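The structure appears right after this line, and notes come after that.
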Amino acid sequence: METPLTHQETLQFAEVYLSDIAPLKTIFFQAFPKNQDITPAFGVPFLIAKKENKTVAFASFIFNSKDEIDFNVYNASVMTDEEKLIFVSFVTDYIKKQDNGKFRNPEQLKNMINKILQWLN
């Protein structure tokens, strides 16, 4: 009896660079299709997930409903639930390891989000 082989793509993770912004905007607008502008929910992107060299998700520092620094993950519809969980786990571990105070200052993060909004809109 033959067993069909399935080919599982491996996710690759990287920090965000300026050249990544266009695909991140596309993913963001998939999550908020009625938006025509980038909103503060876009936050400050810091990690991306790629599959077959195509950006499929990104993590962004944002403010949660309690006005505390948090992160959000936006993903393209091509990601499986398992891949989403893998990326969220990687992001969580990454933040824990990056204990250098980067984006821990709420005022600094607010300023960065405002600059990004002005630049992208």
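The values are calculated or read from the model by the stated rules, or taken from the named source; none is laboratory data. Remember, predicted model here, so these are calculated numbers, not experimental data. Cβ placement follows ideal geometry from the backbone for every residue including glycine, while neighbour counts extend to all protein chains displayed. Areas reflect the complete protein model, heavy atoms only, side chains present, ligands, DNA and RNA absent. Shrake-Rupley method; radii C 1.70, N 1.55, O 1.52, S 1.80 Å.
THR10 fulfils the conditions (1) modelled with pLDDT under 95; (2) in contact with a helix residue (DSSP H, G or I) (Cβ under 7 Å, 6 or more places away or on another chain) except for a single criterion, (2). Among the residues making up region 30-49, those that are at pLDDT below 95 and over 23 Å from GLU107 (Cα atoms) are GLN30, ALA31, PHE32, PRO33, LYS34, ASN35, GLN36.
Any residue that is more than 17 Å from the chain's Cα centre (by Cα) and either under 17 Å from PRO40 (Cα atoms) or small (Gly, Ala, Ser) (or both) - is there at least one of those in region 83-101?
Restricting attention to region 83-101, the residues satisfying the condition of being more than 17 Å from the chain's Cα centre (by Cα) are 97, 99-101.
In the following step, the residues that additionally are either under 17 Å from PRO40 (Cα atoms) or small (Gly, Ala, Ser) (or both) were identified as 101.
The answer is yes; a qualifying residue exists.
The lone criterion from (1) touching a Gly at 6+ places or on another chain (Cβ under 8 Å); (2) within 13 Å of PHE13 (Cα to Cα) left unmet by ILE113 is number (2).
Mind listing whichever residues of region 42-99 are assigned to a loop (DSSP other than H, G, I, E, B), among the small types (Gly, Ala, Ser) and open to solvent by less than 50 Å² (accessible area, probe 1.4 Å)? Lay out the reasoning, then the answer.
Within region 42-99, the first condition is being assigned to a loop (DSSP other than H, G, I, E, B), and the residues that meet it are 43, 52-53, 64-68, 76-80, 98-99.
Retained after the next criterion (residues that are among the small types (Gly, Ala, Ser)): 43, 65, 76-77.
The answer is GLY43, ALA76.
Pairs meeting the criteria (first residue in region 104-121 and more than 12 Å from ILE38 (Cβ to Cβ), second residue open to solvent by less than 80 Å² (accessible area, probe 1.4 Å), beta carbons under 7 Å, at least 6 apart or on different chains) are ARG104/ILE69; PRO106/ILE69; LEU109/VAL44; LEU109/PHE61; LEU109/ILE69; LEU109/PHE103; MET112/VAL44. Within region 13-29, the residues that satisfy the criterion of being assigned to a helix (DSSP H, G or I) and either modelled with pLDDT under 90 or closer than 17 Å to MET79 by Cβ (or both) are ASP20, PRO23, LEU24, THR26, ILE27, PHE28, PHE29.
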